[in-house]
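K.L.:
Following this message is one structure expressed as structure tokens.
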Amino acid sequence: MKQKLLYVLVLAAILLSACGGGGGGEGTTLRFGWIGKPDTLNPAYAFLTESYTVFDLVYSTMVTEAADGSYMGMLAKDWSVSNDGLTWTYHLKDGIKWHNGEAFTADQMAWAINAIMKDPDGWAASANYTGGFAEVTAPDDKTVVIVTEYPIANMDYRVSFLYAVYPPDFKGFTTSEDLQNFTNFAAIGTGPFKINTFDKDTGVLLLGAFADYMDGAPKIDGIVFQTFDNTDAMIQALKVGDIDVVNEVPASAFETVKGYEGVTATAINGRYFNELIINSADPNLDPAPTGNPALADPAVRLAIAHSINKQDIVEVVAQGLGTPGDSIVPPTLGGGFWHSPNIQEIPFDIAEANRVLDEAGYALGSDGVRAKDDLRLEFRLQFPSDSAVYPRIADMMAGWFNQAGMKATPEAVDPDALVAATTPAGDYDLVLWGWGPDPDPDFILSVMTTEQFVEGGWSDSGYHNPDYDQMYLDQQQIVDKAERQKVIWTMQEMVFNDRPYIVLYYEKMLQAYRSDRFTGFIESPLGIESAQSLLNVTAVK
Amino acid sequence: MNENWTLFKRNLSDFWKAFRRNRLGLAGAFLVITSILVATFAPLLTPHAPSDIIRDEGGHGLTFAPPSVHGPLGTDDAGHDVWSQLVYGARISLMVGFMAGFIAMFVGSLFGILAGYFGGRIDNLLMRITDILLVIPDLPLMLILVATIRQLDLKISPLTVLIAVIGLLYWTSTARLIRSQVLTIKERQFVARARAIGAGHGHIIRKHILPQIMPLIVANTVLILSTAILVESGLAFLGLGDPTQPSWGTMLNFAFDRSAITNGAWWFYLPPGFAIVWVTLGCVLLGNVLEEMLNPRLTAHHLEGDQNMIAVPAKGAE
């Protein structure tokens, strides 16, 4: 009997809370739904994107990426570089305050950067950004000077990740490990929003507007971040108005979400792409890679490229929410500045694929698989098992390959096992996978370098091209943007023509918000949740 | 032919006469047999291969098309025909279920017979192993096992891993059941007589014990089948199946991962759900009825007629 009463009470509570959710009337607090939650708010050791979404709102950097892919001042009002490209001078804005009311000074910024340089192990998440920095000083209250050992091409991008952390919060750590374990859940920054509370178990994060923000206070009272276990539940919450923003709408649900009343769904070209990796590892490596040697033949690679209908993949697998891809540098990087326009796409043409293979001497066998001597065009086609997208692509691809006399056997592999099989073992033929490149092309270009094909490295294709490697090193030190662009275009063309990757398509970034409650979101590759966007958001009266 | 086997055959025909009159049993048999037929004749039942993409006149893939646009069951997130996925899915689901079920039956029977017949230390050892497996929660253990085995990169197909893990974990109830039967049978006079005239252990087990418990094993296997199919679907739904081969569980997994619910695509997730219910219900009905009819304790009174232990119900059950 008691048991029954309990059930009734629980049921009533659930019903009540369900009714209460739709009521609104919480002032102008934006309710933000996402899958996942930040595991730490310590920029020294944060690796999840969710953490960086919060940093973007709570912390500031001297410069930051603008919606159009260029860089603009944030803490800095202007900045310049010396003629030799070694000395960078940043002039800070006036009247910048920490969330606790104290004044922000240039030597605090210099301290934050120096902290990373002194303890790169502790600041593992940021250490890459200060590589090559020789000295960082604050000659006066409003000026920060960074002197580098060699010219750094992507300085703006790097500085946009050097957060102005509150020195007293980070001064007390004696070992790198202590610093890494610091969760910083009550972070103090200079950003437009300050942390009110963070419940690390439920992931509920409350941010309040910072009234003294240097560029003027946000027009909303605050933001509540709420973690969901699955996307269907999150989309339902948006539909009924329990949350106002969803920062990741699955492609398969986008059309439906677009139809919801009072909801605006946005689809903009993002940075993420999916690719087919062709084993390009050096056959002389020890232990020897196990890729089908036929894959080293440029004719076979060309035939594979002709046998992939990228447009169809976009339409069927990405529900039309993507663009067929060509280069490893997506067109969104730097607002399109870095993407090579010189790449001639290989058209989908099974007849041409067959012709290329005929000409190269691969004769069709009685079992429908082409072979030349002991080279049989039979490949493993593996993909990480944690995605519902790749099995669909693999299926379609195997069908097209089959028409061209090539046999591909799709196989789902545990992602960790796939990392072990690709880098640096080269124990695969073809793999489907994806990348989310940084805003600066440097990272995605590094994925193709020989030196990254090591345990823990980023290269999974095993592409090894000394010319490419040299150009990669060169572009890192070309401060002149136009010069650097030329090198980077050539590098992309090399990768496209050698085909260690066949880039399949660029995904669109799919987001949605309740336009009957809030307006003013800025749609850009930075996302509608970027600080610039949320600073512009106002409640609908 | 050995006398015991003739007895078994005679019992079988008697049994069929009784079974015919049991409606639940017949319904269960119907459900199971239809699904086996569907799996066997899958290519005849659908014009599409499971990986075919259904396209409109313009050649564009039809994703999430409702049954009104593409019959009979619409298309899924990648434009596949749901009906053909369902029909071909029966093959994988039933194959995994049957193989795992048979492994479980084999291991369980072996453990049960050995433990029951030899008793003593062997019994103790085998039953403690059984106990340990019985107390560990199945699902988490299987999740961990499947995930770990896959991570080892042993080049075993995901389906084989599933079959092995399910088969090697679901034999415990069979082992206990068989053991208890063997314990009673081995005390019977005809066994004692066989032993007295010098029959070896192997002979006694093969000629006297096995025929007696065979019906029990059959009934139990059918019951285990339903569990195995359910578990396969569960694991596949959790993403541990083979996404390149449609099974009912992987269909549900895709439906869940690819927002079928948000899209209102009921034709994508209801059919595999019903299919799972269809087969497992069939197995459970059939298995329960078989068990009821074949397990002497549930039917015949020990003072009643026949000398043999396999009771022949005088009238059909109810």
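K.L.:
Set the bar at 25 Å for Cα to Cα. Now go through A:Lys171/A:Lys194; A:Lys37/A:Lys194; A:Lys310/A:Lys407; A:Lys77/A:Lys486 and name every pair that lies beyond it.
P.N.:
Too far apart for the 25 Å limit: A:Lys77/A:Lys486.
K.L.:
Would you grab the residues whose amide H sits under 5 Å from the one on A:Leu92? Only those 5+ places off in sequence or on another chain, please, with H modelled 1.01 Å from N.
P.N.:
A:Lys77, A:Thr143, A:Val144
K.L.:
Turning to a different aspect of this structure: Near A:Ile522, within a Cβ-to-Cβ distance under 12 Å, what is the net charge of the other residues, with Lys and Arg +1 and Asp and Glu -1?
P.N.:
-3
K.L.:
Tell me the angle of helix A:231-240 to the major Cα principal axis of chain A, expressed in degrees between 0 and 90 and rounded to the nearest ten.
P.N.:
Result, in degrees: 50.
K.L.:
Quick one: order A:Met72, A:Met448 by neighbouring beta-carbon count within 10 Å, fewest to most.
P.N.:
Sorted ascending by nearby Cβ count, the order is A:Met72, A:Met448.
K.L.:
Could you tell me which trypsin sites (Lys or Arg not before Pro) in segment A:130-201 are loop residues by DSSP with no more than 15 other beta carbons within 10 angstrom of their beta carbon?
P.N.:
A:Lys171, A:Lys200
K.L.:
Label-point separation (nm) for A:Glu135 and B:Lys155, each offset 7 Å from Cα along Cα-to-Cβ?
P.N.:
With each label placed 7 Å out from Cα toward Cβ, I get 5.9 nm.
K.L.:
Using a 10 Å cut-off around each Cβ of peptide B:171-177, what is the average number of partner chain Cβ atoms that fall inside?
P.N.:
The per-residue average across the peptide is 0.
K.L.:
Could the peptides A:429-442, A:451-464 be put in order, highest first, of the mean number of other beta-carbon atoms found within 10 Å of their residues?
P.N.:
Highest-to-lowest ranking by the protection proxy: A:429-442, A:451-464.
K.L.:
Going by C-beta contacts inside 10 Å, put A:Val316, A:Val413 in order with the fewest on the left.
P.N.:
Sorted ascending by nearby Cβ count, the order is A:Val413, A:Val316.
K.L.:
Okay, next question. Give me the distance between the Cα centres of segment A:196-213 and segment B:113-186, rounded to whole Å.
P.N.:
50 Å
K.L.:
So which of B:Lys17/B:Lys207; A:Lys239/A:Lys508; A:Lys142/A:Lys200 end up more than 31 Å apart, counting from Cα to Cα?
P.N.:
A:Lys142/A:Lys200
K.L.:
Counting other Cβ atoms within 10 Å of each Cβ, which trypsin sites (Lys or Arg not before Pro) in segment A:260-364 have at most 15 and sit in a DSSP loop?
P.N.:
none
K.L.:
Along its principal axes, what span do the Cα atoms of segment A:142-222 show, with the longest given first and each in whole Å?
P.N.:
Rounded to whole Å, the extents work out to 44, 36, 22 Å.
K.L.:
Who wins for biggest fluctuation among B:Thr244, B:Thr172, B:Thr130 in a Gaussian network model of chain B, springs between alpha carbons below 10 Å?
P.N.:
Looking only at B:Thr244, B:Thr172, B:Thr130, the biggest GNM fluctuation is shown by B:Thr244.
K.L.:
Answer rounded, prolate or oblate for segment A:63-170, using the Cα gyration tensor with square roots of eigenvalues a ≥ b ≥ c: rounded when a/c is under 1.5, else prolate when a/b is larger than b/c, else oblate.
P.N.:
rounded
K.L.:
Which one, B:Gly89, B:Gly58, B:Gly119, has the greatest fluctuation when you compute a Gaussian network model over chain B with C-alpha springs under 10 angstrom?
P.N.:
B:Gly58
K.L.:
Taking beta carbons within 10 Å but only from partner chains, what does the mean come to for residues B:180-190?
P.N.:
The shielding value for this peptide is 0.
K.L.:
Quick check: the angle from helix B:266-294's long axis to the longest principal axis of chain B, C-alpha only, nearest 10 degrees?
P.N.:
Rounded to the nearest ten degrees, it is 10.
K.L.:
Can you give me the C-alpha center-to-center distance between segment A:150-191 and segment A:80-129, rounded to a whole angstrom?
P.N.:
Computed from Cα coordinates, the inter-centre distance equals 9 Å.
K.L.:
If I build a Gaussian network model for chain B, linking alpha-carbon pairs within less than 10 angstrom, which residue out of B:Met293, B:Met251, B:Met142 has the largest mean-square fluctuation?
P.N.:
B:Met142
K.L.:
How much net charge surrounds A:Gly365 when only the other residues with a Cβ under 15 Å from the Cβ of A:Gly365 are counted, with Lys and Arg +1 and Asp and Glu -1?
P.N.:
Result for the neighbourhood of A:Gly365: -1.
K.L.:
In what sequence do B:His80, B:His60, B:His48 fall when counting other Cβ within 10 Å, fewest first?
P.N.:
If I rank by nearby Cβ atoms, fewest first, I get B:His60, B:His48, B:His80.
K.L.:
While we're looking at this one, here's another question. Run the simple label-point estimate for A:Gln311 and B:Val69 please: 7 Å along Cα→C-beta, distance reported in nm.
P.N.:
In this crude spin-label approximation the distance works out to 1.9 nm.
K.L.:
Further, regarding this structure: Give me the net charge for the shell around A:Phe254: Cβ to Cβ below 14 angstrom, other residues only, Lys and Arg +1, Asp and Glu -1.
P.N.:
-2
K.L.:
Can I ask one more? Calculate how steeply helix A:2-21 sits against the longest principal axis of the alpha-carbon atoms of chain A, using the helix alpha-carbon long axis, and give the answer as 0 to 90 degrees to the nearest 10.
P.N.:
The angle comes out at about 90 degrees.
K.L.:
Out of segment A:204-259, which trypsin sites (Lys or Arg not before Pro) are coil in DSSP terms and have no more than 15 other C-beta atoms within 10 Å?
P.N.:
Passing sites in segment A:204-259 are A:Lys219.
K.L.:
Shape verdict for chain A, please, from the Cα gyration tensor: rounded (a/c under 1.5), prolate (a/b greater than b/c) or oblate.
P.N.:
oblate
The numbers here are math on the coordinates, done by the rules we state, and not lab data. A quick note: this is a predicted structure, and the numbers were derived from the prediction, not measured. As a convention, Cβ positions derive from the backbone with ideal geometry for all residues, glycine included, and neighbour counts pool all protein chains shown.
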